[in-house]
Amino acid sequence: MKRRMSFAKRSAFLNCTILLLAGCFVFSQIAIASEVFTLDDLLKLKYVTSAKISPDGERIAYTVRVPRKADDEPGPAYSELHLVSVKTKQSRPFITGKVDVRSIAWRPDGSAIAFLTRRGEKAKKQVWVIPVDGGESRQVTHSETNVLSFKWHPSGDKIAFVANTPKTEREKALMKKGYDFIYFEENLKHRNLYMIDVDMSGGTKEAEQLTEDITVWAFVFSPDGKSVAAGASEKNLVDYRYAFQKVHLLDLESKSLKQLTNNPGKIGNYVFSPDGSHLAYAAALSQKDNAVSQAFVLPMNGGEAINLTPENFRGHVNWINWQDNSTVVYRADEGVETTLSTIKTSGNGAQRQVILSSEDNGGIIFEPPSFTRDFKHMALVGESPEIPGEVYYWQPGKEPQRMTTVNPWLSERTFGKQEAIQYKARDGYEVEGLLIYPVTYQEGQEYPLVSIVHGGPESNYSNGWITRYSNPGQILSGKGYAAFYPNYRSSTGYGVKHAAFGYNDPAGVEFDDIADGIKHLIDEGIADADRVGLGGGSYGGYAAGWFATYYTDLVKATCMFVGISDVISKRGTSDIPYEMLFVHMGEKLEDMWDLSLKRSPIYWAHQSESAILIYGGKADTRVHPSQSMELYRRLKMNNH
């Protein structure tokens, strides 16, 4: 669940995380060098957020996240477009400043780059195209609603895009008269697929609507451009995207639509083989799996999908593509590392070949690659414990080459050591996490500890750059804290069995694992038992509420950001009720009232002795603000 914060809110969060805990703890004086990573550093940090290699493999287009300054208008970070030469490693700015360039895509002939942006105070997000060898960018689409995603047609002469159905003239007239009633989850507008001819002169073309009466979430073209594979569902609800999305085949001439996949649960990306004979897709193994985890291949001429994932794979496949017509390539999280593997479509999954591993390539955690058709040139966004997102160029069989340095001043900072740790939970189960030591760490000395809990819980921490506005690990390190990032049971990256432990058992072994990790660090002599704090957002916020109430004897302070406090009311106010039923709870609410109540922080609020900061978003649809209000009220009514 991705959330954005304004500059002011990010700054407030970081200060609250650090100051609240500092206010609750009594510290000895710790001498810290002036060149440690600071809050101010974090708020000026840039990241490469995407990298796409040109069809000829000679250039990489990439976007850079540039944070707003304190005196800028509120809003998300800016996103700039840059180009770097693979041969010279020389980078040049392309579209920079106070801009928002997203979803970049090379034209198939490499002559231009398409992207999403909005220009003008009340403008909608549209597809624009800019020539790479000179010339101004041109607006291609003129959709009445925001363009949500797009793809080039293989010919390079058309672009297909997804946008919501606009309001009718009658609806607009009624709204002006005040008849703007909310029909909760009833009068939904579909996300439609459209296609438009590309006019590089900047002229206005009429888009053709390709779908109706169904919501399209994502799509890819077949190699011959005659059809589209589209992930779609009956309703335009995020819950339907998670729980009921199937891949359909759309014939572009007849506009006929037929279902291709019969995935029982969540689905990830999908792509045609180069000859169009098969469709590869990443998906969950079963309806109750909380995340995409497997690699499948489906023959287009009929037949069942084949699972190419190794049996009992101790990882999660989260992206899939093709090396050639008979070889699939997929990216996976495996513990705190990432891997890129290939497997023959005729194989049984056990014969995979790992072609890139973060563990064996300088510790670089990498995102899914962009590659040329011959699979010889790749662009990657990579990071490490001391390097935020940067562009890397990679040729299979060689070492990845770093192409950019968007924060050269980082070389002047001293960072706390970050490493993977393993420990035994109370039932003997082995759990893994990441630990950032204080910059001034000395063996045998105890330090204040902050546990930073990820949300989801279908997520995990990889051993890359893990300091963000909500995860201020290196900032804490510079202030003399240890920071603990646990991949507790229910996390992804350790196989479907590990991820399923929280099924029908919220706040059970999941949060016990976190408690056991804290106790492990205390027993190891790293953490001071009297100076422990915990923070997190969403499901991590649920953990913060649980530790402030149920495990109050273990933590002195917690920060609960958009956290769950009442499992019963959460199921009636969240925008993902089916996902909660299928992949988390396993039973309808009326069949588990007692468990739901006793796994709620409000049930234990009367015994809380921990300081707690509760905060969230007033328009949050995933974790309703009433979750924060309920815990606040229960604590206040018990004289907290």
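The values are calculated or read from the model by the stated rules, or taken from the named source; none is laboratory data. Computed from a prediction, not measured in an experiment: that's the story for all the values here. Cβ placement follows ideal geometry from the backbone for every residue including glycine, while neighbour counts extend to all protein chains displayed. Just the protein is used for accessible areas: all its heavy atoms, side chains included, with ligands, DNA and RNA removed. Shrake-Rupley method; radii C 1.70, N 1.55, O 1.52, S 1.80 Å.
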Residue check for Lys125: under 17 Å from Lys205 (Cα atoms) and among the basic types (Lys, Arg): yes
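Among the residues that make up region 315-322, is at least one of them among the hydrophobic types (A, V, I, L, M, F, W, C), within 26 Å of Ile214 (Cα to Cα) and surrounded by 17 or more Cβ atoms within 10 Å (Cβ to Cβ)?
Yes, because at least one residue in region 315-322 is among the hydrophobic types (A, V, I, L, M, F, W, C), within 26 Å of Ile214 (Cα to Cα) and surrounded by 17 or more Cβ atoms within 10 Å (Cβ to Cβ).
For region 460-498, name all the residues that are of a type in the set (D, E, K, R) and under 14 Å from the mean Cα position of the chain (by Cα). Walk me through it before giving the result.
Restricting attention to region 460-498, the residues satisfying the condition of being of a type in the set (D, E, K, R) are 468, 479, 489, 497.
Residue satisfying the conditions is Arg468 alone.
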I need a count of the residues in region 452-485 that are open to solvent by 10 Å² or more (accessible area, probe 1.4 Å) and in a strand (DSSP E or B). 2
Residue hits (region 102-138; within 29 Å of the chain's Cα centre (by Cα), crowded, with 20+ Cβ neighbours inside 10 Å and more than 15 Å from Ile60 (Cα to Cα)) are Leu116, Thr117, Gln126, Val127, Trp128, Val129
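Could you check how many residues of region 91-102 are outside any strand (DSSP E or B) and touching a strand residue (DSSP E or B) at 6+ places or on another chain (Cβ under 7 Å)?
Counting residues in region 91-102 that are outside any strand (DSSP E or B) and touching a strand residue (DSSP E or B) at 6+ places or on another chain (Cβ under 7 Å) gives 4.
For region 281-304, which positions are of a type in the set (Gly, Ala, Ser) and in contact with a Ser or Thr (Cβ under 7 Å, 6 or more places away or on another chain)?
Listed by number, the residues that qualify are Ala284, Ala291, Ala295.
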Counting only residues that are in a strand (DSSP E or B) and more than 15 Å from Ala112 (Cα to Cα), which one in region 64-84 is most open to solvent (accessible area, probe 1.4 Å)? Arg65
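Restricting to region 83-93, count the residues that are without any contact (Cβ under 8 Å) to a residue 24 or more places away in the chain and either out of contact with any His (no Cβ under 8 Å at 6 or more places or on another chain) or not charged (D, E, K, R) (or both).
Initial filter on region 83-93 (without any contact (Cβ under 8 Å) to a residue 24 or more places away in the chain): 88, 90, 92-93.
When the remaining residues are screened for being either out of contact with any His (no Cβ under 8 Å at 6 or more places or on another chain) or not charged (D, E, K, R) (or both), the result is 88, 90, 93.
Total satisfying the criteria: 3.
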Residue check, Arg571 in contact (Cβ under 8 Å) with a residue 60 or more places away in the chain and open to solvent by 20 Å² or more (accessible area, probe 1.4 Å): no
Subset of region 354-374, residues open to solvent by less than 50 Å² (accessible area, probe 1.4 Å) and in contact with a helix residue (DSSP H, G or I) (Cβ under 9 Å, 6 or more places away or on another chain), comes to Ile364, Ile365, Phe366
Go through region 400-416 and give me each residue that's surrounded by 13 or more Cβ atoms within 10 Å (Cβ to Cβ) and outside any strand (DSSP E or B). Pro400, Met403, Thr404, Thr405, Val406, Asn407, Leu410, Arg413, Phe415, Gly416
For region 159-186, the count of residues that are open to solvent by less than 100 Å² (accessible area, probe 1.4 Å) and over 17 Å from Glu144 (Cα atoms) equals 4
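Being of a type in the set (Phe, Trp, Tyr) and either touching a residue at least 40 places away in the same chain (Cβ under 8 Å) or in contact with a His (Cβ under 9 Å, 6 or more places away or on another chain) (or both) is the requirement here; does Phe296 meet it?
On the way: of a type in the set (Phe, Trp, Tyr): yes; either touching a residue at least 40 places away in the same chain (Cβ under 8 Å) or in contact with a His (Cβ under 9 Å, 6 or more places away or on another chain) (or both): no.
Here the answer is no, as Phe296 does not meet what is asked.
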Listed by range, helices (runs of 4 or more DSSP H) wholly within region 562-640 having at least 1 residues that are touching a strand residue (DSSP E or B) at 6+ places or on another chain (Cβ under 6 Å) and at pLDDT 95 or above are 626-636
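I'd like the residue in region 434-451 that is among the aromatic types (Phe, Trp, Tyr) and part of a loop (DSSP other than H, G, I, E, B) and, out of all such residues, is nearest to the chain's Cα centre (by Cα).
Residues of region 434-451 among the aromatic types (Phe, Trp, Tyr): 437, 441, 447.
Cutting the leftovers down to part of a loop (DSSP other than H, G, I, E, B) gives us 437, 441.
Values: Tyr437: 26, Tyr441: 32 Å.
That would be Tyr437.
Consider Gly525 carefully, then state whether it is buried (at least 22 other Cβ atoms within 10 Å of the Cβ) and either touching a Lys or Arg at 6+ places or on another chain (Cβ under 9 Å) or at pLDDT 95 or above (or both).
no
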Could you pull out every one of the strands (runs of 3 or more DSSP E) wholly within region 187-279 that has 1 or more residues that are open to solvent by less than 60 Å² (accessible area, probe 1.4 Å) and without any contact (Cβ under 8 Å) to a residue 60 or more places away in the chain? 191-197, 215-221, 227-233, 246-251, 267-272
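In region 505-544, which residues are part of a helix (DSSP H, G or I) and over 24 Å from Phe582 (Cα atoms)?
Pass one, region 505-544, residues part of a helix (DSSP H, G or I): 509-523, 539-544.
Selection gives Ile514, Ala515, Asp516, Gly517, Ile518, Lys519, His520, Leu521, Ile522, Asp523, Ala544.
Is region 35-58 home to any residue that is part of a loop (DSSP other than H, G, I, E, B), at positive phi and modelled with pLDDT of 95 or more?
First, pick out the residues of region 35-58 that are part of a loop (DSSP other than H, G, I, E, B): 35, 37-38, 43-46, 54-58.
Narrowing the set further to residues that are at positive phi leaves 57.
Going one step further and asking which of them are modelled with pLDDT of 95 or more, we end up with 57.
Within region 35-58, one or more residues are part of a loop (DSSP other than H, G, I, E, B), at positive phi and modelled with pLDDT of 95 or more.
Looking at region 302-331, which of the residues that are in a loop (DSSP other than H, G, I, E, B) and polar (S, T, N, Q) is nearest to Ser273 (Cα to Cα)?
If we filter region 302-331 for residues that are in a loop (DSSP other than H, G, I, E, B), which is where we start, we get 302-305, 308-315, 325-326.
When the remaining residues are screened for being polar (S, T, N, Q), the result is 309, 312, 325-326.
Values: Thr309: 18, Asn312: 26, Asn325: 6, Ser326: 8 Å.
Among those that are in a loop (DSSP other than H, G, I, E, B) and polar (S, T, N, Q), it is Asn325.
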